[in-house]
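Structure first, then comments.
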């Protein structure tokens, strides 16, 4: 009923939202003698804020058309590398001839799979992550599907399916690829790598980069970690899971709605978001278009959310945040215990933010304690001073301080000769 009530509330606000948008344009019209007055600017700004806060936010566009390599613009084509029911593997393909011209050679670049979080936002939240990696890497990313758009007839999707998807995508990239998990998928990527290592799978990644991830949430528990312990599994099942209503393709599918996750995010930093909207109002009144555009760009992304399947959400709550099965060496995948200690030839880098209020210090570092057979010279643990959760993978600190370390780590475990063999094999297929 909550999902239906939310949709009803949105529909009910539609007339007021349309009226607010029309009113804002009216008060700004050059034909309105009040347009340039304080009253006119303030009224238009207030109507703008209302319209912006009550609109529907669709899936954002990637907006990545080119990258710069050695001062030369290289066009980007975003293509579908592999399609599955609950995820699309996207490839940011750099124009080969322009890239060769920029580099002066056609030697292959490291292939990197970025595993985006399935935690309420679209993969486009990692736009800055992708942009910083593109100049020197061949980038792929998991673009998770909004569960409310997946027909119930296509079946379920849980944490084990998530792991299987990662394995499948690594097979698409082929041997000697590198895999990066941002936040929530860290445990799943580690589990996938462990299973592939134990099977001596030739497509196992050459390196893992795990960023701000809940590998072991018993360490430096944050507010979300504490709340997941205070509530029982049954409470989450009864209060946080709802049925998708018509007219969505996923009608009758049980999901954890994106709007509930968004409410959780907003409540954690309530004062900051109120202040941001207050500043937005002032920027509109003052005619500061650049600042207003930055605000809109951020919130157009931040307020665009997706639903997660019931089984994925609840299994993640139980396994990762309540029972800590991966950290304890007890996590089971398809009746088989996941053994991170089986990893011996996959390099491991963990990255944490000093001020991360989602994944506390030590939670990501725990991966090193689990991967006991990875040689010390193949391990890197880095804590970025002065950044929170979002700053680990986006913003100036990511671009200028974190990403260069990731680049150097990948390069130190990049075998050009093997890459040539892989490229020839992929081309033949």
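Summary table below
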read-out	value
The range 39-88: radius of gyration over Cα atoms, expressed as a fraction of 2.2 N^0.38 Å	2.01
Volume per residue that the Cα convex hull of the range 285-330 spans, once the total is divided by residue count, Å³	118 Å³
Residue order, fewest to most beta carbons within 10 Å, for 263, 87	263, 87
Ellipticity estimate at 222 nm from DSSP helix runs (n ≥ 4, -39,500 (n - 2.57)) divided over the chain, nearest 500	-13000 deg cm²/dmol
GNM result for the chain, Cα springs below 10 Å: residue of 78, 210, 361 fluctuating most strongly	78
Stokes-Einstein D in µm²/s, Kirkwood radius over Cα pairs - the range 57-156 at 20 °C with 1.002 mPa s viscosity	146 µm²/s
Ranked list, fewest to most other Cβ atoms within 10 Å of each Cβ, for 228, 213	228, 213
Relative contact order computed over the chain (Cα-Cα under 8 Å; 6+ residues apart), in percent	19 percent
Cα-based convex hull volume of the range 124-167 per residue, rounded to whole Å³	98 Å³
Highest-MSF residue in the chain out of 271, 279, 73 [GNM, Cα springs under 10 Å]	271
Square roots of 5 times each gyration tensor eigenvalue, C-alpha, the range 174-303, largest first, Å	35, 24, 18
The range 36-78 residues near the modelled residue 101 label - backbone nitrogen below 20 Å, point 7 Å along Cα→Cβ	65-78
Per-bin percent of Cα-Cα distances, the range 317-359 [5 Å]	5, 16, 18, 20, 21, 15, 4, 1
Packing-based exposure ordering (other Cβ within 10 Å, fewest first) of 105, 156	105, 156
Kirkwood hydrodynamic radius (C-alpha pairs) into Stokes-Einstein, the range 193-267, 4 °C and 1.567 mPa s, D in µm²/s	80 µm²/s
Evaluated at q = 0.18, 0.20, 0.21 Å⁻¹: base-10 log I(q)/I(0), Debye formula over Cα of the range 276-429	-1.25, -1.29, -1.30
Using a Förster distance of 35 Å, the FRET efficiency for residue 168-residue 1 (Cβ separation, nearest 0.05)	0.45
Tilt relative to the chain, helix 289-302 - C-alpha long axis, 0 to 90 degrees, to 10	60 degrees
For the range 97-178, alpha-carbon Rg relative to the globular expectation (2.2 N^0.38 Å, N residues)	1.34
Over the range 1-140: Rg over Rh, Cα atoms, Kirkwood Rh	1.17
Two-decimal log10 I(q)/I(0) for the chain, as the Debye equation yields it once each C-alpha is a single scatterer, q = 0.13 Å⁻¹	-1.21
Zone of residue 383's modelled label, taken as backbone nitrogen in the range 200-217 under 19 Å from a point 7 Å along Cα→Cβ	210-217
Difference of contour (0.36 nm per residue) and Cα-Cα distance, residue 13 to residue 345	113.9 nm
Rough spin-label spacing in nm, given labels placed 7 Å along Cα→Cβ, for residue 65 and residue 325	4.8 nm
Separation in nanometres of the label points that stand 7 Å from Cα toward Cβ, at residue 274 and residue 251	4.1 nm
Listed residues 90, 284, 208, most fluctuating in the chain (Gaussian network, C-alpha, under 10 Å)	284
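Where a number appears in this text, it was derived from the coordinates with a stated rule and is not lab data. Bear in mind the structure is a predicted one, so any value in this text is a computation, not a measurement. So basically every Cβ, Gly included, is an ideal-geometry build from the backbone, and we count neighbours across all protein chains shown.
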